[in-house]
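The values are calculated or read from the model by the stated rules, or taken from the named source; none is laboratory data. As the structure is a computational prediction, the values presented were derived from the model and not from experiment. Note that we place each Cβ from the backbone using ideal geometry, even for glycine, and neighbour counts take in every protein chain shown. The protein model used for the area step is the full one, side chains on, heavy atoms only, and it has no ligands, DNA or RNA in it. Shrake-Rupley method; radii C 1.70, N 1.55, O 1.52, S 1.80 Å.
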Amino acid sequence: MLSETSRPIIEATLPVVGENIGKIAERFYQHLFSEHPELLDGIFNRGNQAEGTQQQALAGSVAMFASALVSHPDQLPEHLLNRVAHKHASLGIEPAQYQVVHDNLFWAIVDVLGDAVTPEVAAAWDEVYWLMARALINQERGLYSARGVRPQIVWRDWEVTEKRRETDDVVAFTVKRIDDRLVKTSLPGQYVTVRVPMPDGVRQPRQYSLISADDGEHRSFAVKRVRGGDKPDGEVSNLLHDSVDVGDTITMSLPFGDVVLDDSRPAVFASAGIGITPMAGMLSHLVAAGSHLEITLLHADVDEASWALRQQVLDDVRALPNGELHVWFEGGAECSLPVESVHGGVMDLSEIDLPDDAVYYLCGPLPFMKAVRQSLLDRGVSTRDIQYEVFGPDLWQADAD
Ligand SMILES: Cc1cc2nc3c(=O)[nH]c(=O)nc-3n(C[C@H](O)[C@H](O)[C@H](O)COP(=O)(O)OP(=O)(O)OC[C@H]3O[C@@H](n4cnc5c(N)ncnc54)[C@H](O)[C@@H]3O)c2cc1C
Ligand code: HEM
């Protein structure tokens, strides 16, 4: 809880900090990386830095947390904190690094706001920072200890045992452990961070959702090649497609992620494009567990040929006694696979009966998830029953809508 001394100061300075938070985040990262260039090797994602999305995510999270402290002091933004803690844990972030981030963030605040940062203002924002940092540190400590690891050992080397082409743009990798350590179980829907050395020697981390249930030996994930168009091509996805092959070793973190299946209620998975991956992982877990729940997969893609993991998810839906699969193809309502229904165009939930009391899981491009979430809300589904996974820093924060 924010102290009574800081509360009015935060309330009074929120507008000016809010207005300048984007600039502060930008200066913060410039300063952080000039003081600590080692953070660019294997920890921060330089694609997100180049696009400015991580700067926006950090700025948005601090502004959201501070407003929540002022307007709902008894209710911290749980979804935001969970997402960040899981992402941090998948990168092995350590408590001591919070002091480094603090010092550079406050350097940036003073750099941008100048004399407006009186000692009282600095002290009040310091309190906000440490409230947020402590909440994250505690949660991350819980995540590490639940898996019996320290931050330094979330990483492990694996051997690639299969590289399977799924579509023109997607390959699926299976990797196998190469040491005797136990393979920790994942929760359905979680991702790993894959960390690979780039041609310039710098290691780059990227998250990939697990697409199959645990067997104690292997992990599998599928990667879509990111084509840049007028921007640079995605560096890690292209490297994985072009240069990582069976027999190679790759480094991956333990699985983390806060969007996980509630296996006590019917579930509806709504995915588009490569957003099929966490759904494939959840379906695979449900099949392994012999689930009798009502499970509906709704998937949108360009056409059948561009639908990654289609055979795997079809087999899994068929293996579930109460599974259904409906697809939407922009290229037209044609599908050779035995699904429940095929539609042309973009996903339209009014065309489908959905189970009562379901939990909804969304994954795909942001406009797709926003449209599906809105139509669910229009049908009377509660926000509490809609979860979504963003394949990048979460700039949406739907709970704050
Ligand atoms: C929780 C989570 C789960 C995910 N699961 C999956 C999954 O299952 N499968 C999957 O394929 N992906 C998944 N992703 C996305 C994945 O982590 C990567 O973001 C994706 O593979 C792209 O990485 P990249 O290195 O190829 O692209 P990057 O190099 O990071 O590029 C990303 C974008 O930034 C642009 N960019 C890069 N450099 C610049 C520059 N200098 N100037 C301007 N623009 C630039 C690129 O053009 C591109 O559009 C997931 C992400 C998250 C967060
Ligand atoms: C109170 C302090 C902090 C806040 C508010 C914060 C906030 C965030 C947010 C909002 C994200 C994006 C999450 C997402 O949607 O994917 C994130 C990711 C990340 N954070 Fe933090 N963070 C803090 C501390 C730290 C520390 C101490 C480190 C260690 C150096 C760190 C390293 C990272 C990294 C490497 C990522 C992933 C970046 C990317 O993928 O582009 N953070 N953090």
**Asked** Out of all the residues in the stretch 61-97, which are open to solvent by 20 Å² or more (accessible area, probe 1.4 Å) and near ligand 2 (Cβ under 7 Å from one of its atoms)?
**Response** Val62, Arg83, Val84, Lys87, His88, Leu91, Ile93, Gln97
**Request:** Scan (1) over 24 Å from the mean Cα position of the chain (by Cα); (2) not in a loop (DSSP other than H, G, I, E, B) for the single condition Met1 breaks and write down its number.
**Result:** (2)
**Request:** Go through the residues of the stretch 35-46 one by one and say whether even a single one is open to solvent by less than 30 Å² (accessible area, probe 1.4 Å) and more than 10 Å from ligand 2 (Cβ to nearest atom).
**Result:** no
**Prompt:** Can you tell which of Leu366, Leu349, Leu377 is over 27 Å from Ala213 (Cβ atoms), free of Cβ contacts under 8 Å to residues at least 12 places away in the same chain and among the aliphatic types (A, V, I, L, M)?
**Reply:** Leu377
**Pick from the stretch 22-52, criterion more than 16 Å from ligand 1 (Cβ to nearest atom) and of a type in the set (Asp, Glu), ranking: farthest from Thr193 (Cα to Cα)** = Glu35
**Prompt:** Out of (1) closer than 24 Å to Ala288 by Cα; (2) touching a Leu at 6+ places or on another chain (Cβ under 8 Å); (3) more than 14 Å from ligand 2 (Cβ to nearest atom), what's the single condition that is false for Met198?
**Reply:** (1)
**Request:** Give Thr167, Thr193 a once-over and let me know the one that is in contact (Cβ under 8 Å) with a residue 12 or more places away in the chain, assigned to a loop (DSSP other than H, G, I, E, B) and not aliphatic (A, V, I, L, M).
**Result:** Thr167
**Asked** So Leu362 clears everything in (1) part of a strand (DSSP E or B); (2) more than 15 Å from ligand 1 (Cβ to nearest atom); (3) touching a Phe, Trp or Tyr at 6+ places or on another chain (Cβ under 8 Å) except one condition, right? Which one?
**Response** (2)
**Request:** Assess whether Leu58 counts as being in contact with a Pro (Cβ under 9 Å, 6 or more places away or on another chain), more than 14 Å from ligand 1 (Cβ to nearest atom) and under 16 Å from Pro393 (Cα atoms).
**Result:** yes
**Prompt:** Got a sec? Which of Val342, Val381 is aliphatic (A, V, I, L, M), in a loop (DSSP other than H, G, I, E, B) and open to solvent by 10 Å² or more (accessible area, probe 1.4 Å)?
**Reply:** Val381
**Request:** Out of the residues in the stretch 217-234 that are open to solvent by 30 Å² or more (accessible area, probe 1.4 Å) and within 18 Å of Ser253 (Cβ to Cβ), state the one that is nearest to ligand 1 (Cβ to nearest atom).
**Result:** His218
